[in-house]
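Read through the structure below, which is laid out as structure tokens, and then see the notes.
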Amino acid sequence: MAHQPTTQTLNTMSKLALGLKFRAPLFQPSQEVTVHSDADLIRCCQKGDARAWAELVHRYARLVYSVPRHAGLTESDSEDVMQDVFRILFQKLPTLRDPSCLAAWLVTCARNRTIDLVRRSHPASALAEEQIPCNGELHRIEQRDMLLKALGRLTGNEKIIVSALFENPDISDAALAARTGLKTDSVRMIKSRALCKLKRTLGEMGW
């Protein structure tokens, strides 16, 4: 079961801005997305910054999309739910006051839209509450997604070393040196730099 929205849907989310206060750029899979806090992004969106909106959508699209998919909805229905959620968010941007609650708000909205869609489109289908992932499970999904994005910002050897540490936290510097072809001293330096960069990036993402 796929839990990743399509690029076309991400483009549609960005296009919500068309005809309103600003024109949002299309999101491309290879596009570099600068890391800002939710509060920064929301403030920029409220001022009409299209790039901030695109980044906000990119940050939370997978989390929102996972709610209906985990509940058993089709990819098409899940994308409908996601579009509804971001459309509602876009409409509420001018009055959004507490960025720290954004993720929880998006999850709650996605859960409600999922239930509404099932009741409206499939009235004979009984959607049990337990089918929709709980906040704890969705939080783990969000954290995993944030971690993957943060790892993606590391350079080649940084990514190799940190990935190896996640696979085996007890791996020795000598083993890392053998894997990367670097000297042990270089491994220690790169490892320290990479872990600091990862911690800083995750902090900026709201980890």
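Each reported figure results from applying straightforward, stated rules to the coordinates on display, with no laboratory input. Note that the structure is a prediction, hence the values are computed from the model and not measured. Ideal geometry is used to build each Cβ from the backbone, glycine not excepted, and the neighbour counts take in all protein chains shown.
Looking at segment 145-207, I'd like the Rg to Rh ratio, where Rg is from alpha-carbon atoms and Rh is Kirkwood's inverse mean 1/r.
Details: Rg = 11.5 Å, Rh = 11.8 Å.
That ratio equals 0.98.
At 0.36 nm per residue, minus the direct Cα-Cα distance, what do residue 192 and residue 155 gain on full extension? Give it in nm, one decimal, please.
Computed gain between residue 192 and residue 155 is 12.0 nm.
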16 Å Cα-Cα reach of residue 149 towards aspartates and glutamates, excluding residues that sit fewer than 8 places from it in its own chain: 32, 38, 55, 158, 204
Which value in nm describes the separation of the simple spin-label points at residue 112 and residue 180, placed 7 Å from the Cα toward the beta carbon? 4.8
For labels at residue 76 and residue 164 in the simple 7 Å Cα→Cβ model, what's the distance in nm? 4.8
